[in-house]
Amino acid sequence: MTAETTTPESETEELSLADLESDGDLAADYIEGLLDIADLDGDIDIDVANGRAYVSVTGGGADLDRIAGPDAVQALQDLTRLAVQAKTGRFSRLIVDVGGSRDARAIELKRMVDGAVAQIVAGRSTVELEPMSSYERKLVHDEVASRGYHSESRGEGRDRRLVISAA
């Protein structure tokens, strides 16, 4: 069991495939506008999986790397979610990726879990990870559970982090 904060029912209701595709299209239009303003090239791909729209920006070369850092991607995602919400009137759980940075971060998070599990096997009762976004915490919760261990979120806001322990 995790100690995640609850979200309003309107934020967790299941959206139809058409709604998710619409969110992806709106997000892609918004991001395309931002790329044009910044004079950056990039291809935009839209996918729908696990009740979310995923919008990826790829193919922009070295220029795109300027906005591929975790803080920049999170900011772009936040702005894009707000733009979609302004158009639809409802909260959007869409995920934005730039240049594969989310996949790279997922690999890094799995390595963190490897290290935490190794410390628990060596005798530590708990291991506290660095603060991370709610999306990253969800990835880690899932990875920890798949390995038969327990995780819970602690802290508030930007200091919210996971603590891993034996099941």
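The values are calculated or read from the model by the stated rules, or taken from the named source; none is laboratory data. Just so you know, these numbers come straight off a predicted model, no measurement behind them. Because the Cβ atoms are built from the backbone with ideal geometry, glycine has one as well, and the counts that use them run over all protein chains shown. For accessibility, only protein heavy atoms count, side chains too; no ligands or nucleic acids. Shrake-Rupley method; radii C 1.70, N 1.55, O 1.52, S 1.80 Å.
Residue count for the range 54-108 satisfying the condition of being surrounded by fewer than 19 Cβ atoms within 10 Å (Cβ to Cβ), among the aliphatic types (A, V, I, L, M) and closer than 28 Å to Val127 by Cβ: 3.
Exactly one residue out of Glu4, Glu14 is at pLDDT below 95, touching a strand residue (DSSP E or B) at 6+ places or on another chain (Cβ under 8 Å) and open to solvent by 60 Å² or more (accessible area, probe 1.4 Å): that is Glu4.
State the number of residues belonging to the range 124-152 that are within 20 Å of the chain's Cα centre (by Cα), hydroxyl-bearing (Ser, Thr, Tyr) and surrounded by 15 or more Cβ atoms within 10 Å (Cβ to Cβ).
The number of residues fulfilling the criteria is 3.
Candidates in the range 25-53 are the residues that are at pLDDT below 95 and touching a Lys or Arg at 6+ places or on another chain (Cβ under 9 Å); of these, the one that is least open to solvent (accessible area, probe 1.4 Å) is Leu40. State which residue is nearest to Asp39 (Cα to Cα) when the search covers only the range 84-94 and only residues that are touching a Ser or Thr at 6+ places or on another chain (Cβ under 9 Å) and of a type outside the set (D, E, K, R). Going through the qualifying residues, I end up with Val84.
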